[in-house]
1. In a GNM of the chain with a 10 Å cut-off on Cα contacts, which of Thr138, Thr215, Thr190 has the highest mean-square fluctuation?
2. Once whole DSSP H runs in the chain are found, which of them have Cα atoms spread over 30 Å or more along the helix axis and a mean Kyte-Doolittle score of at least 0.0?
3. At a Cα cut-off below 20 Å, give the aspartates and glutamates reachable from Lys99, other chains included and same-chain residues fewer than 8 away excluded.
4. Suppose we keep just the alpha-carbon trace of region 69-213; what are its Rg and Dmax in angstrom?
5. Which cross-chain or sequence-distant (5 or more) residues have an amide H under 5 Å from the amide H of Ile110, H modelled 1.01 Å from N in plane?
6. Net charge around Met22, counting only other residues with Cβ within less than 11 Å of its Cβ (Lys, Arg = +1; Asp, Glu = -1)?
7. Which percent of Cα pairs goes in each bin when the distances of the chain are cut into 5 angstrom slices starting at zero?
8. Taking H as built 1.01 Å from N, whose amide H comes closer than 5 Å to the amide H of Ala42, not counting residues under 5 places away?
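Just so you know, all these numbers are worked out from the coordinates, no wet-lab data involved. Worth saying up front: this structure is predicted, and the values here are computed from it rather than measured. Quick reminder, even Gly has a Cβ in these numbers, built from the backbone with ideal geometry, and neighbours come from all protein chains shown.
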Amino acid sequence: MKFIALTIFPELLQAFWDNGIMRRASAGGIIEPSALNVRDYAQGRHKVTDDRPYGGGCGMVMKPEPLAAAIGAARRTAPGAPVILLSPQGRRFDQPMAKELARCEGLILICGRYEGIDERISEQFVDLEVSIGDFVLTGGELAAMAVMDAVTRLLPGALGNEDSADQDSFRNQRLDCGHYTRPPEFEGRTIPQVLLTGHHELIARWRRADGLMRTLVRRPDLLQLKPLDGEEIGLLEKWRGEIDKLIRSQRDSGSGPSPGGG
Ligand code: 4HQ
């Protein structure tokens, strides 16, 4: 997978590519990352990449000519790779989109600065506008890194363990379970004892139950995206029984009026 990032701060991306899984994936030929400095494609002695906005107002806009030239160079290096603009106006990035993008032979990622890029570049050259969330960054580089990171870990061979990519958070719309390592007791807190049994099926079941519980409490919206399976319905019914039992016992011994108004 070729990653070509268009940026005026190539060092930001280089630091990201030079460490951890990204570094290993490049060394293994799984990804082929490169940055094009948009400034290298600017004209004149000062290599200016930005200009004042038509219509006035604060901030600067990235000039179209250097970006068009850089996109042209990127396309010659990675023919067929979609041109992606990182912007808060884009389609929201998520795990299904990461899986889609992981099927491409390459990605050309435009990282804007200032108020953004000239709209004519978006209209003429951009295939897909992507947002990593509803907040405002100072530049698209961090968003491009998030996209490349999520895509890379899905490529065959990028993670040591072939199946670990799909075991993690968002595997079929459920949050990941809690994770524990040594020591068995830390500041008076122990770990779920099932994890010490060596009983693989029991442990797998505990992990699914913990992931479901965390999804229910933290991200109930995810439960709407994939129907509950039989095991999940069983777990929810068990918890409902336990909650009912707790409420009944507290009602009998509790003080004050019961809620609901009778
Ligand atoms: N940007 N998701 C680049 C973002 C952003 C986001 C703000 C992109 C500034 C120039 N990109 N412009 N959120 O906040 O992708």
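1. Checking each option, the largest mean-square fluctuation is seen for Thr190.
2. Working: long enough: 230-253 (35 Å, -1.03).
The answer is none, since no helix passes both cut-offs.
3. Result set, ordered by chain and number: Glu32, Asp127, Glu129, Asp149, Glu162, Asp163, Asp166, Asp168, Asp176.
4. Cα-based Rg and Dmax for region 69-213 come out at 20.3, 62 Å.
5. Distant-sequence amide H within range of Ile110: Leu6, Ile84, Leu85, Leu86.
6. That works out to +1.
7. Per 5 Å bin, starting at 0, the Cα pair percentages come out as 1, 5, 10, 12, 13, 11, 10, 9, 7, 6, 5, 5, 3, 2, 1, 0, 0.
8. Excluding prolines and chain starts, which carry no amide H, there are no hits.
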